[in-house]
There are 2 protein chains.
Amino acid sequence: MKYNSFQTPERRLLGAGPTNLYPEISKSLTKPEVGHLDPKFVEMMDEVKSMLRYLFQTKNEFTIAISAPGSAGMEASFVNLVEPGDKVIVCVNGLFGGRMVENVERIGGEAIVVNDEWGDPVSLDKLEDALKKNPDTSVVAFVHAETSTGVRSDAKEIAEIAKKYDCLVIADTVTSFTGIPVLTDEWGLDAVYSGSQKCLSCVPGLSPLTFSDKAIEKIKKRDSKIQSWFLDQTLVLDYWSGQGKRSYHHTAPINSIFALHEALRLACDETLENLWKRHFDAHLRLKKGLDEMSFDFVVEKQYRLPQMNSIHIPDGYDDFEIRTKLLNDYNLEIGAGLGKFAGKIWRIGLMGYNARNESVDYCLDSLKNVLNK
Amino acid sequence: MKYNSFQTPERRLLGAGPTNLYPEISKSLTKPEVGHLDPKFVEMMDEVKSMLRYLFQTKNEFTIAISAPGSAGMEASFVNLVEPGDKVIVCVNGLFGGRMVENVERIGGEAIVVNDEWGDPVSLDKLEDALKKNPDTSVVAFVHAETSTGVRSDAKEIAEIAKKYDCLVIADTVTSFTGIPVLTDEWGLDAVYSGSQKCLSCVPGLSPLTFSDKAIEKIKKRDSKIQSWFLDQTLVLDYWSGQGKRSYHHTAPINSIFALHEALRLACDETLENLWKRHFDAHLRLKKGLDEMSFDFVVEKQYRLPQMNSIHIPDGYDDFEIRTKLLNDYNLEIGAGLGKFAGKIWRIGLMGYNARNESVDYCLDSLKNVLNK
């Protein structure tokens with residue numbers, strides 16, 4: 001049977017991820033293959049851990065990358081830290097909060113949902129109320145940067161409240177990681193996961209993850225077996241431990257980890273402060289242009305994510321038609337609305353490699369042309 | 001913080017996978033990034049499905065690749081097809097059979113183990129006995145090619161017996177897929193999964209998977225929710241379906257799928273018959289050389305996998321020392337023994353790109369030098 005090699009178009013990816021890769025990361029993918037137990041590869045993984053610690057702002061010994069996308073990082077956090085019967089407060093203000101509820105329920109945990117409107121941040125008062133009513137809650141989970149709406153919730157305050165009630169805190173930082181501050185230790189977060197394809201601009205398919213010592217303690221004291229073999233982090237500990245001989249768990253996605261190493265290296269080199277500033281500057285430039293075209297942001301100013309700009313689709317324009325035009329005529333991908341926002345909003349991601357003037361200007365010019373603004 | 005780009009050594013990978021990549025596959029990794037919902041990417045995924053169908057020798061509509069390594073493909077098969085309380089007969093004749101038992105137990109299924117010695121194929125008589133004693137069994141699971149021992153079990157006969165007792169059949173073909181015949185439809189296998197990094201010589205991190213219509217029927221009739229959100233294939237069906245609009249489940253590992261498309265293209269182009277022959281020829285050449293050095297194979301001739309050659313470590317040689325010498329002085333990786341075979345056997349993989357004379361000869365020469373044979 002004859003097939004042709006895939007000819008990929010040259011897109012500018014300003015959606016919700018993946019983003020375009022930094023050229024260095026793309027190049028790193030083709031390094032010669034090595035075994036996942038090769039001493040040289042193991043050395044590299046130690047660097048990956050150490051760089052992840054800086055970027056997560058943590059001293060956590062357990063800081064790794066899951067060999068699967070961010071949704072597996074989410075599942076790894078829940079299946080390891082939640083046992084059947086555990087009460088978990090889940091703050092839901094978008095699609096990914098809803099997915100957390102799914103995770104808790106599939107484990108046989110009891111999910112207590114603190115609901116906020118899509119586009120609003122997590123309400124601290126509602127969270128505290130829920131904790132008062134459910135003092136036997138063991139975990140509080142929330143999404144730091146809701147990719148589906150572009151809102152930032154106050155991770156520091158959420159964690160502070162949760163700690164008062166002696167809860168572990170699970171934070172989804174898929175879209176926030178390296179784009180805005182994620183201060184794992186300072187805020188007291190216990191399980192923090194992210195994705196490789198957002199502000200790191202790395203290949204999709206890996207999920208950076210860190211567990212606090214308190215989280216590890218809880219895992220070690222579990223009464224029940226972790227329901228997933230693949231995501232059972234007690235089995236992975238040995239492979240990533242850096243102490244003594246590595247034991248075999250699963251075959252690591254070697255080439256993706258080459259890319260992750262390079263992505264982390266670039267991020268460390270740029271420093272977090274500069275990364276945060278670059279994302280914010282790109283957002284300001286985009287905002288100025290969008291204001292000139294009279295777009296309305298979905299999220300209130302103080303909660304907006306610079307890397308994920310959600311705007312209402314103006315009356316009179318067809319969502320699919322416009323996005324198709326942008327894709328076909330300008331090779332530009334912007335994000336569609338998800339769930340209840342489908343057809344109503346667009347999401348413009350300025351992440352990692354694309355958090356720069358040229359991408360912003362290209363996006364604004366293309367929108368102007370397509371919308372005849 | 002300053003780190004350096006990772007400098008990878010140039011290894012020849014004749015272990016249990018990953019293998020060296022075909023140059024075309026390595027090159028395909030750097031194609032420009034596209035979104036996972038891009039119409040062009042979706043078109044490519046349709047080709048991936050169609051090529052996988054040929055290579056699995058199946059007409060199954062549900063034929064995809066899981067966005068995670070083979071162990072996640074295993075878990076996907078079990079969590080979708082096994083419900084709490086279900087009786088599952090697991091044939092265990094090596095490490096990966098043991099992992100299947102873990103999977104069943106973590107679901108709350110009842111695992112009935114049919115044990116055979118490591119290095120032996122699954123005993124058909126024992127399987128039939130177990131089925132007679134447990135006529136309410138719903139699934140029979142086995143490893144077609146045990147990577148830990150190098151043995152091939154008779155998939156056709158196993159499936160035939162299982163079908164007599166109206167069981168679904170789960171087959172692990174991680175190491176057999178495209179190296180020896182895997183005839184999904186002809187043999188009546190219901191869930192078949194593999195890995196990308198073995199005889200396909202693709203990047204590690206993906207798990208090709210096919211479910212028969214009977215398997216899909218069982219999934220649709222489940223009483224309980226699938227315990228994993230990430231591996232719930234009812235949620236992925238829409239994304240891969242090729243019918244109408246793709247809905248979002250998780251961000252696909254774009255670059256790895258570029259590589260998979262290219263790996264499948266090369267395999268389809270070569271044809272299964274030629275792939276099987278090439279693996280077998282490489283094995284014969286290796287066997288001749290190993291015979292001359294008086295190595296003993298672990299597995300009896302008629303059950304040997306051409307792509308995974310297990311040999312006893314001769315008396316007087318230290319496993320770790322020899323493998324370290326091969327790695328450091330010859331850049332050659334061969335596989336260590338796993339589990340009860342640790343320190344006792346070596347596993348020489350001749351998979352995909354490395355199923356060729358040059359790799360065989362390099363391996364034999366290096367062994368001769370290091371062992372002073």
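Using R0 = 22 Å, the C-beta based FRET efficiency linking A:Leu183 and A:Val113 works out to 0.25.
Here is the list for segment B:194-225: trypsin sites (Lys or Arg not before Pro) lying in DSSP coil, each with at most 14 other C-beta atoms within 10 angstrom of its C-beta, are B:Lys221, B:Arg222, B:Lys225. For A:Lys344, the label point sits 7 Å beyond Cα toward Cβ; its separations from the matching points on the remaining copies run 6.4 nm, from shortest to longest. Could you sort out which of B:Lys164/B:Lys218; B:Lys49/B:Lys221; A:Lys2/A:Lys325; A:Lys277/A:Lys368; A:Lys132/A:Lys301 sit more than 23 Å apart by Cα distance in this structure? Going by Cα-Cα distance, B:Lys49/B:Lys221; A:Lys2/A:Lys325; A:Lys277/A:Lys368; A:Lys132/A:Lys301 fall outside the 23 Å limit. Estimated from helical segments only, the mean residue ellipticity of chain A at 222 nm is -13000 deg cm²/dmol, where each DSSP H run of four or more residues counts as -39500 (n - 2.57).
As a length-normalised measure over Cα pairs under 8 Å and 6 or more apart, the relative contact order of chain A settles at 24 percent. The length gained on full extension between B:Glu43 and B:Tyr317, counted as 0.36 nm times the residue separation minus their Cα-Cα distance, comes to 93.3 nm. Taken about its Cα centre, the protein assembly as shown carries a charge dipole of roughly 760 debye when the Cβ of each Lys and Arg holds +1 and the Cβ of each Asp and Glu holds -1. For B:Asp125, the shell of other residues with beta-carbons less than 15 Å away shows a net charge of -4, using +1 for Lys and Arg and -1 for Asp and Glu.
A dipole drawn for chain A from +1 and -1 charges on Cβ atoms has a positive end, and of A:Gly98, A:Val236, A:Val174 the residue lying farthest that way is A:Val236. Between copies, the label points at B:Lys132 (set 7 angstrom from Cα along Cα-to-Cβ) are spaced 6.9 nm, reported in nanometres from shortest to longest. Restricting segment B:44-85 to trypsin sites (Lys or Arg not before Pro) that sit in a DSSP loop and have at most 16 other Cβ atoms within 10 Å of their own Cβ leaves B:Lys59.
The residue among A:Ile112, B:Leu209, A:Met51 whose Cα reaches farthest toward the positive pole of the charge dipole of the protein assembly as shown, with charges on the beta-carbon of Lys, Arg, Asp and Glu, is A:Met51. By the beta-carbon count within 10 Å of each Cβ, the least crowded to most crowded order of A:Leu14, A:Leu55, fewest first, is A:Leu55, A:Leu14. Counting beta carbons within 10 Å around each of B:Thr271, B:Thr178, B:Thr8, A:Thr251 and listing the fewest first gives the order B:Thr271, B:Thr8, A:Thr251, B:Thr178. 7 Å along Cα→Cβ for the label point: how many nanometres lie between B:Asp46 and each equivalent label in the other copies, listed shortest first? Counterpart label points of B:Asp46 in the remaining copies fall at 5.0 nm.
A Cβ-based charge dipole, computed about the Cα centre of segment B:125-256 with Lys and Arg at +1 and Asp and Glu at -1, lands at about 420 debye. Computed from point charges on the beta carbon alone (+1 for Lys and Arg, -1 for Asp and Glu), the dipole magnitude for segment B:196-238 about its Cα centre is near 140 Debye. Counting neighbouring Cβ atoms within 10 Å and putting the fewest first, the residues B:Thr324, A:Thr63 line up as B:Thr324, A:Thr63.
Which residue, chosen from B:Ala162, A:Pro121, B:Ser224, occupies the Cα position most advanced towards the positive end of the dipole of the protein assembly as shown, where the dipole is computed from +1 (Lys, Arg) and -1 (Asp, Glu) charges on Cβ about the Cα centre? It is A:Pro121.
Taking all Cα pairs closer than 8 Å and separated by 6 or more residues, the relative contact order of segment B:1-142 comes to 18 percent.
Under the combined filter of DSSP loop state and at most 11 neighbouring Cβ atoms within 10 Å, segment B:6-83 retains these GluC sites (Glu not before Pro): B:Glu10. Does segment A:23-268 come out rounded, prolate or oblate by the C-alpha gyration tensor, with a ≥ b ≥ c the root eigenvalues, rounded set by a/c under 1.5 and, if not, prolate when a/b is larger than b/c and oblate if not? Here segment A:23-268 falls in the prolate category.
Rule-based calculations on the coordinates, nothing more; no lab input. Here the structure is a predicted model, which is why all the values come from computation and not from measurement. With ideal geometry, Cβ positions are generated from the backbone for all residues, glycine too; neighbour counts draw on all protein chains shown.
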